[in-house]
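Have a look at the structure below before the remarks.
Readers should treat all values here as calculations from the given coordinates under stated rules, not as data from a laboratory. As the structure is a computational prediction, the values presented were derived from the model and not from experiment. Every residue, glycine among them, receives a Cβ derived from its backbone with ideal geometry; neighbour counts consider all protein chains shown.
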């Protein structure tokens, strides 16, 4: 009889792989274009890259806190350059992984809520939120960032296979 994997393993899915891939994309962000935005309604390159880094803080909040109040949370300043961005990302990644190691399967069944002041935007089991609001949200914005890189003619790294910039020679 086969046993099911721990809930923690299922909830995290490809957490470490997706975070490593995200870091590879962030490594390609060109310092010279941090203020660039593809459209007036779009985030700047620095804002989008900083948001990706800050999503690791949100993932840690999903693990450690009962809720996140977006109305009470300060908006972090965008990074001033790639070096600051990667340093911040690495620190948040390390804190997230440490929190994840302390996580028990039962914790993933407890509710977690996203709030804006007294308004509850949603409340779901932590395991569900970690996958949807944590990992999937990061993958979504990483996809946006890869398009920014392409538009800036910066090399796009391999994400789920070779990119046009890292294609195998024929």
If one compares the long axis through the Cα atoms of helix 15-26 with the longest principal axis of the Cα atoms of the chain, the angle in degrees, nearest 10, works out at 20 degrees
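Kirkwood Rh over Cα pairs of the stretch 1-152 into Stokes-Einstein at 20 °C, 1.002 mPa s: D in µm²/s? Present the calculation step by step, with values, prior to reporting the outcome.
Working: Rh = 16.3 Å.
The diffusion coefficient I find is 131 µm²/s.
How do the peptides 98-104, 84-90 rank, highest first, by the average count of neighbouring beta carbon atoms within 10 Å per residue? Mind showing how you got there, number by number?
Details: 98-104: 13.1, 84-90: 18.0.
Taking the mean over residues of other Cβ atoms within 10 Å, the ranking is 84-90, 98-104.
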With Cα coordinates, the longest principal axis of the chain makes an angle with the long axis of helix 82-102, in degrees rounded to 10, of 20 degrees
What helix-only [θ] at 222 nm does the chain give? Using -39500 (n - 2.57) per DSSP H run of at least 4, over all residues, to the nearest 500, the answer is -14500 deg cm²/dmol
For the stretch 77-170, Rg(Cα) over 2.2 N^0.38 Å is 1.42
Within the stretch 11-151, the percent of DSSP beta bridges that are antiparallel, given to the nearest 5, stands at 65 percent
Gyration tensor (Cα only) of the stretch 89-129 to equivalent ellipsoid, semi-axes in Å sorted down, yields 22, 16, 7
Between the Cα axis of helix 45-64 and the main Cα principal axis of the chain, the angle (0 to 90°, nearest 10) is 10 degrees
